[in-house]
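The values are calculated or read from the model by the stated rules, or taken from the named source; none is laboratory data. The shown structure was predicted, so the numbers you read here are calculated from the model rather than taken from an experiment. Here the Cβ positions follow ideal geometry from the backbone for every residue, glycine too, while neighbour counts run over all protein chains shown. Quick note on the areas: whole protein, heavy atoms, side chains included, nothing else; ligands and nucleic acids left out. Shrake-Rupley method; radii C 1.70, N 1.55, O 1.52, S 1.80 Å.
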Amino acid sequence: ELTGVDLEAALEESGAFAPRRAVEIVDGVAAALERAHAEGVIHGGLKPRNVFLSPTGGALTIKVLDFGAARLAGGVDKGVIVGNPFYMAPEQFGGSADERTDVYSLGVILYELFSGTLPFNGPTHGQVMMRHLAEPPQPPPGVEPGLAKIILKALAKAPADRFQSIAVLRDALRKWASDARTLQDAATSHVIARAAEARKIKHAALTTPDATVPVSKIDAAELAEATRQQLEPSGGKKRGGNGSMNTTTRKEDNPNSSESV
């Protein structure tokens, strides 16, 4: 019933947005989420495919769609996790969510819009989940330091370390965008460019139904054990000098899509 296109399709078709347009889109998403939060509703399934761009009278109206994974603030899912692993906050894998959960998902979209890549990628959903749970995000490549700081704060593992509301994140982004020179510099060299690996995953999504399917909830230890077998075909743990697990992924081994689970 809507006229326009979703953000995922727009990115696939155009390959790039000017930074001012990207800021406008995120601001519109934030406005919609603020309204939902004011009603006590957490979206819980935010991703580019659920952001709709609708031209209206020469302007662009931003709509947030698909509240199929939504819940009332403070609610806890028992036994299942629902969402898209590439955009889910760490606490969602344990079944809980609040306003700061949507802050995290919007942070992932910001990361993708301005760098052309996802903060956490991998050939399996299990590995992507594990990285969200345990691995600090790297600064988004090619992104101006002021904006990168905002994005990384939105992607903090602990909800208490993030922006405490969508409104606070929105204000921080507006303050950054108010510097016209910053946006001009970004437009020169940091427009959105879809990374080859991220594009491959998005295209793979076209071959599977776009559905949100509940699956059994597992704790971090179980997830680590299940993922370890996928990361290390030889079955042995490989650890670096600092005791951390080294993981290596091959982008050609990518049987899974970026669909929700």
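Would you check if there is a residue in the stretch 90-98 being modelled with pLDDT of 90 or more and either surrounded by fewer than 16 Cβ atoms within 10 Å (Cβ to Cβ) or farther than 27 Å from G146 by Cα (or both)?
No, the stretch 90-98 contains no residue that is modelled with pLDDT of 90 or more and either surrounded by fewer than 16 Cβ atoms within 10 Å (Cβ to Cβ) or farther than 27 Å from G146 by Cα (or both).
Kindly indicate which of E99, E112 is among the acidic types (D, E), within 22 Å of A18 (Cα to Cα) and within 17 Å of the chain's Cα centre (by Cα).
Working: E99 fails: within 22 Å of A18 (Cα to Cα).
Every option except E112 fails the conditions.
Is it the case that some residue within the stretch 79-88 is open to solvent by less than 20 Å² (accessible area, probe 1.4 Å), modelled with pLDDT under 85 and not in a loop (DSSP other than H, G, I, E, B)?
Among the residues of the stretch 79-88, at least one is open to solvent by less than 20 Å² (accessible area, probe 1.4 Å), modelled with pLDDT under 85 and not in a loop (DSSP other than H, G, I, E, B), which makes the answer yes.
List the residue pairs whose Cβ atoms are under 8 Å apart, where the first residue sits in the stretch 8-31 and is open to solvent by less than 40 Å² (accessible area, probe 1.4 Å) and part of a helix (DSSP H, G or I), the second is modelled with pLDDT under 80 and of a type in the set (G, A, S), and the two are 6 or more positions apart or on different chains.
Filtered contacts from the stretch 8-31: P19/A186; P19/A187.
Please identify the pairs in which a residue from the stretch 145-157 that is touching a residue at least 60 places away in the same chain (Cβ under 8 Å) has its Cβ atom under 8 Å from the Cβ atom of a residue that is open to solvent by less than 20 Å² (accessible area, probe 1.4 Å) and part of a helix (DSSP H, G or I), counting only partners at least 6 apart or on another chain.
What qualifies is K157/P90.
Within the stretch 161-177, is there a residue that is more than 24 Å from A38 (Cβ to Cβ) and either under 18 Å from the mean Cα position of the chain (by Cα) or part of a loop (DSSP other than H, G, I, E, B) (or both)?
no
May I ask you to list the residues in the stretch 124-155 that are open to solvent by 20 Å² or more (accessible area, probe 1.4 Å) and either in contact with a Lys or Arg (Cβ under 7 Å, 6 or more places away or on another chain) or of a type in the set (S, T, Y) (or both)?
Once the filter is applied, which keeps residues that are open to solvent by 20 Å² or more (accessible area, probe 1.4 Å) and either in contact with a Lys or Arg (Cβ under 7 Å, 6 or more places away or on another chain) or of a type in the set (S, T, Y) (or both), the stretch 124-155 yields T124, K153.
Criterion first (out of contact with any strand residue (DSSP E or B) (no Cβ under 8 Å at 6 or more places or on another chain) and modelled with pLDDT of 85 or more) does V64 satisfy it?
On the way: out of contact with any strand residue (DSSP E or B) (no Cβ under 8 Å at 6 or more places or on another chain): no; modelled with pLDDT of 85 or more: yes.
Criteria not met by V64.
Determine, yes or no, whether V103 is assigned to a loop (DSSP other than H, G, I, E, B) and in contact with a helix residue (DSSP H, G or I) (Cβ under 6 Å, 6 or more places away or on another chain). Reasoning before the result, please.
Values: assigned to a loop (DSSP other than H, G, I, E, B): no; in contact with a helix residue (DSSP H, G or I) (Cβ under 6 Å, 6 or more places away or on another chain): yes.
It is false that V103 is assigned to a loop (DSSP other than H, G, I, E, B) and in contact with a helix residue (DSSP H, G or I) (Cβ under 6 Å, 6 or more places away or on another chain).
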